[in-house]
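A short worksheet on the structure shown next.
The values are calculated or read from the model by the stated rules, or taken from the named source; none is laboratory data. What you see is a predicted model; the values in this text were computed from it and never measured. Cβ placement follows ideal geometry from the backbone for every residue including glycine, while neighbour counts extend to all protein chains displayed. The accessibility values were calculated without ligands, DNA or RNA, using every heavy atom of the protein model including side chains. Shrake-Rupley method; radii C 1.70, N 1.55, O 1.52, S 1.80 Å.
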Amino acid sequence: MQALVLAGGEGTRLRPLTLSVPKPVMPLAGRPFLTFMLDWLGRHGVDEAILSCGFMSEAVERVLGDRHGEVALRYVVEDQALGTAGPVRLAADHGLIGDRLLVLNGDVLTDIDLTAQIAQHDQTGAAATLALLAVDDTSSYGVVPTAENGEVEAFLEKSAGPAPTDRINAGAYVLERKVVERIEAGRPVSFELEVFPAMVGEGLYGYMAAGYWIDIGTPERYLEATYDLLADRVQSTLPPRDETGSLVAEGCITSGARIGPMSVLGHHCSVGDRSTVERSVLHDHVRVGRDCALTGAVLAERAHLGDRVRVEEEAMVGAGAKVADGARVERGARIEPGERVE
Ligand code: GTP
């Protein structure tokens, strides 16, 4: 089974983290994000994944290489951003696509049952089957009402006001080759705005998925996904956590500090005496001085905090930024990569 993973967006909502590392390989619970998706795809029989890249494509390729477990990796790089459907057409024009393809948004952490989705696709003889998921709050998603037999009745992008259904598009599609062929070549094309709305009544089906699903594309959801992985709320192959539910990579120096609950320290971090790190994420090579307090914070690679620094909920410190002794980084603050904060 072949899959194409959309991994070329700029990830603007996750800045400043995505200014130094692209979202597909952003560390999540200490691992490049896409490795979770590739594990999931491998469990459902995918043996080849085409990674559709654009923004910072070299970094994605350098981190993931040409194989992840049983899944062979290929790369298609866009000169211009082609949206969500355009990259599929580009991969087809490169001769990489067979008769059937899974297409996945590349920023979703999920354990939904793709095998069952493919089985339903076979049974209905659909041209395309989209995974749909019921959520409590549909306001930031497009919704997809379906008929009793699963046929999609409309494809409604996000809008104000009450939605006709709580089922959202989960960003996982099974497509037959004929769908790929109807995507126009050479320009940005959107599945959500163009291809799927035009296919209503022409073999477009929804599969009612169940299970864990989160899009990691905002700071709040990036942290939520981290906590859910640490607490085993989603299936993964994460190594065991410590008694505080935290994951501290080898080579970290933390004696004299209090780490946890629910924190992640990447490789070669150091945290000074009497500092506390709660529900926070440190990427690799982060240094935290003495008497600091971090709560719900994210510090990118090589960020450096002096002594007595406070970093509050959902604050994000960019790669290589330096925060001086005694500073307070307020809730939700964003510090650019390399910035110096007095
Ligand atoms: P924001 O800028 O924060 O909206 O993030 P994003 O750029 O990732 O956009 P969005 O979350 O809407 O994208 C959903 C998925 O599609 C992500 O996995 C993106 O990497 C991917 N994606 C978005 N636009 C493109 C594109 O033009 N080309 C490719 N190959 N992938 C894209």
Subject >> Any pair with Cβ under 8 angstrom, 6 or more apart, that starts in the range 310-333 at a residue that is closer than 13 Å to residue 282 by Cβ and ends at one that is buried (at least 18 other Cβ atoms within 10 Å of the Cβ) and among the acidic types (Asp, Glu) >> reply: 319/301
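Restricting to the range 94-106, count the residues that are in a strand (DSSP E or B), open to solvent by 30 Å² or more (accessible area, probe 1.4 Å) and within 16 Å of the ligand (Cβ to nearest atom).
1
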**OP:** Give me the pairs, please: first residue somewhere in the range 58-74 and closer than 11 Å to residue 35 by Cβ, second residue anywhere and of a type in the set (Gly, Ala, Ser) and open to solvent by 30 Å² or more (accessible area, probe 1.4 Å), beta-carbon distance under 6 Å, and either six or more positions apart or on two chains.
**Re:** 69/42; 71/42
Original post:
Is there a residue in the range 107-127 that is in the same structural domain as residue 177 (by TED's automatic domain parsing), in a strand (DSSP E or B) and more than 21 Å from residue 234 (Cα to Cα)?
Top reply: no
Subject >> Odd one out for residue 80, checked against (1) part of a loop (DSSP other than H, G, I, E, B); (2) more than 14 Å from the ligand (Cβ to nearest atom) >> reply: (2)
Subject >> Residue satisfying all of: in the range 40-56; open to solvent by less than 10 Å² (accessible area, probe 1.4 Å) and closer than 22 Å to residue 95 by Cα; nearest to the ligand (Cβ to nearest atom) among these >> reply: 52
**OP:** Examine the range 219-228 for a residue that is within 16 Å of the ligand (Cβ to nearest atom), open to solvent by less than 50 Å² (accessible area, probe 1.4 Å) and among the β-branched types (Val, Ile, Thr), and state whether such a residue exists.
**Re:** no
Original post:
Does any residue of the range 166-177 turn out to be part of a helix (DSSP H, G or I), more than 19 Å from the chain's Cα centre (by Cα) and assigned by TED's automatic domain parsing to the domain that holds residue 90?
Top reply: yes
Subject >> Selected residue (criterion: nearest to residue 262 (Cα to Cα)) from residues of the range 29-39 that are within 14 Å of the ligand (Cβ to nearest atom) and in a helix (DSSP H, G or I) >> reply: 36
Original post:
Of all the residues that make up the range 128-162, how many are acidic (Asp, Glu), modelled with pLDDT of 85 or more, surrounded by 10 or more Cβ atoms within 10 Å (Cβ to Cβ) and assigned to a loop (DSSP other than H, G, I, E, B)?
Top reply: 1
Original post:
Which one of 88, 63, 77 is in the same structural domain as residue 119 (by TED's automatic domain parsing), over 29 Å from residue 127 (Cβ atoms) and β-branched (Val, Ile, Thr)?
Top reply: 63
Subject >> Unmet requirement for residue 89, which otherwise passes all of (1) away from the ligand (no atom under 13 Å from the Cβ); (2) open to solvent by 10 Å² or more (accessible area, probe 1.4 Å) >> reply: (1)
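Going through 51, 14, 28 one at a time, which residue ends up being over 22 Å from residue 2 (Cα atoms) and modelled with pLDDT of 95 or more?
28
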Subject >> Boolean, residue 264 is touching a His at 6+ places or on another chain (Cβ under 8 Å), open to solvent by less than 50 Å² (accessible area, probe 1.4 Å) and not small (Gly, Ala, Ser) >> reply: no
Original post:
Could you list, in sequence order, the residues of the range 6-28 that are more than 7 Å from the ligand (Cβ to nearest atom) and either surrounded by fewer than 22 Cβ atoms within 10 Å (Cβ to Cβ) or within 11 Å of the chain's Cα centre (by Cα) (or both)?
Top reply: 15, 16, 18, 19, 20, 22, 25, 26, 27, 28
Original post:
Looking at this structure, is residue 150 in contact with a strand residue (DSSP E or B) (Cβ under 7 Å, 6 or more places away or on another chain), of a type outside the set (D, E, K, R), under 17 Å from residue 3 (Cβ atoms) and in contact (Cβ under 8 Å) with a residue 12 or more places away in the chain?
Top reply: no
Original post:
Which pairs do you get when a residue that is over 19 Å from residue 64 (Cα atoms) and of a type in the set (D, E, K, R), found in the range 1-20, comes within reach of a residue that is within 6 Å of the ligand (Cβ to nearest atom) and open to solvent by less than 10 Å² (accessible area, probe 1.4 Å), reach meaning Cβ atoms under 7 angstrom, with the pair 6+ apart or on two chains?
Top reply: 13/217
Original post:
How many residues does the range 61-77 contain that are β-branched (Val, Ile, Thr) and more than 10 Å from the ligand (Cβ to nearest atom)?
Top reply: 2
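In the range 269-291, which residues are crowded, with 24+ Cβ neighbours inside 10 Å and not aliphatic (A, V, I, L, M)?
Within the range 269-291, 269, 280, 283 qualify.
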